[in-house]
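Please read the structure below before turning to the comments.
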Amino acid sequence: MSSPDAKRVKTNDGAPYELIYWPGIPGRGEWVRLLFEEAGVPYTDHAKEADGVSAVLEYISAENVGDATNPPVLASPILKHGDLVLHQLPNILLYLAPKLGLAPTEGDGVFFLNQIVLTLLDGFVNELHDTHHPVATSLYYEDQKPEAKKRSKYFIAERIPKFLGYTQRVLDSKASGEGPWLYGGKLTYADLTLFQCLDGTKYAFPKSIEKLQKSGKYDGVFKLYDTVKELPNINKYLESKRRIPYGDGIFRYYPELEEE
Ligand SMILES: N[C@@H](CCC(=O)N[C@@H](CS)C(=O)NCC(=O)O)C(=O)O
């Protein structure tokens, strides 16, 4: 059996963290911000710097072929940590969480967390995005309104309850451990992920979420949401100007999509 050559294992520990994401919307950058904010770890958020747009464009350009270690990226969010460049939101979270004390550094737990996070992002981000852009991301919402309405009807009736139900089952499982948390009896990045997923969905479909909350079937999920919201570092962040308001990003409020 061969063992890895220790000299080839590079570490970026101690290097500054940089988030590269579009300015003006919370978007997929927000999940990354929540990890840094809860951990109290400094990071450069290029969305709030003068180079915000150009930083993203530079990375996603068709001319950018990466370098000897980093393959090119397709889309933001992008994380730069030392000379490492990563994209794909769940991949960035998986990289950061153990370093920031929000996932175990040993054992299989991190894969269960990744499994939960991937599922939450499937439902509350990727599927939700398709409620306002069901035909093509390159078209305006106004050019796909009938399809958006149809898609939203099924998303509200079938998919939100399915993903809330899944989250409640995770909470009800023995693997969730003690307390309000999703896995292992302690706060992890899966809990922060759930918070942002539900917060955005509440913004986009407020009446539907209120109705589902009142059903009493997902009490654990809403309790976890409230618990995360009140974590001192998260609460301070949410109250700060660093928290960008929702707008024309993934989570959009189009009241007509909720009308019966
Ligand atoms: N699955 C990717 C999706 C990335 C993505 O779609 N990013 C958006 C911004 S939130 C984007 O810039 N998309 C441009 C495109 O896909 O052409 C992830 O989770 O990071």
The chain: relative contact order as a whole-number percent, Cα under 8 Å and 6+ apart
20 percent
Rg from C-alpha atoms of the chain, normalised by the globular rule of thumb 2.2 N^0.38 Å, equals 1.05
Where in the stretch 120-205 are there GluC sites (Glu not before Pro) that are in a DSSP coil and have at most 12 other Cβ atoms within 10 angstrom of their Cβ?
GLU178
Using r as the Cβ-Cβ distance of VAL41 and GLU256, and R0 as 41 Å, what FRET efficiency do you calculate, to the nearest 0.05?
0.50
Let me see the P(r) profile for the stretch 109-231: every Cα-Cα distance counted, bins of 5 Å, each bin given as a percent of all pairs.
2, 11, 21, 23, 18, 11, 8, 4, 2, 0
Gyration tensor (Cα) of the stretch 1-130, equivalent ellipsoid semi-axes in angstrom
24, 20, 16
Solvent-accessible heavy-atom area per residue, rounded to whole Å², over the stretch 47-113 at 1.4 Å
54 Å²
If you take every DSSP beta bridge whose two residues both sit in the chain, what share of them, in percent to the nearest 5, is antiparallel?
75 percent
At 1.4 Å probe size, with the rest of the protein present, what percent of the exposed accessible area of the stretch 142-183 is carbon and sulfur atoms?
53 percent
Just subtract the alpha-carbon distance of LYS99 and LYS236 from 0.36 nm times their residue separation and send over the number in nm, one decimal.
47.1 nm
Quickly work out the ASN91-to-THR69 label distance, labels modelled 7 Å from Cα along the C-beta direction, and quote it in nm with one decimal.
1.5 nm
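The values are calculated or read from the model by the stated rules, or taken from the named source; none is laboratory data. Bear in mind the structure is a predicted one, so any value in this text is a computation, not a measurement. Positions of Cβ are backbone-derived with ideal geometry, glycine not excepted, and every protein chain shown enters the neighbour counts. In case anyone asks, the SASA skips ligands and DNA or RNA and just uses the protein heavy atoms, side chains included. Shrake-Rupley method; radii C 1.70, N 1.55, O 1.52, S 1.80 Å.
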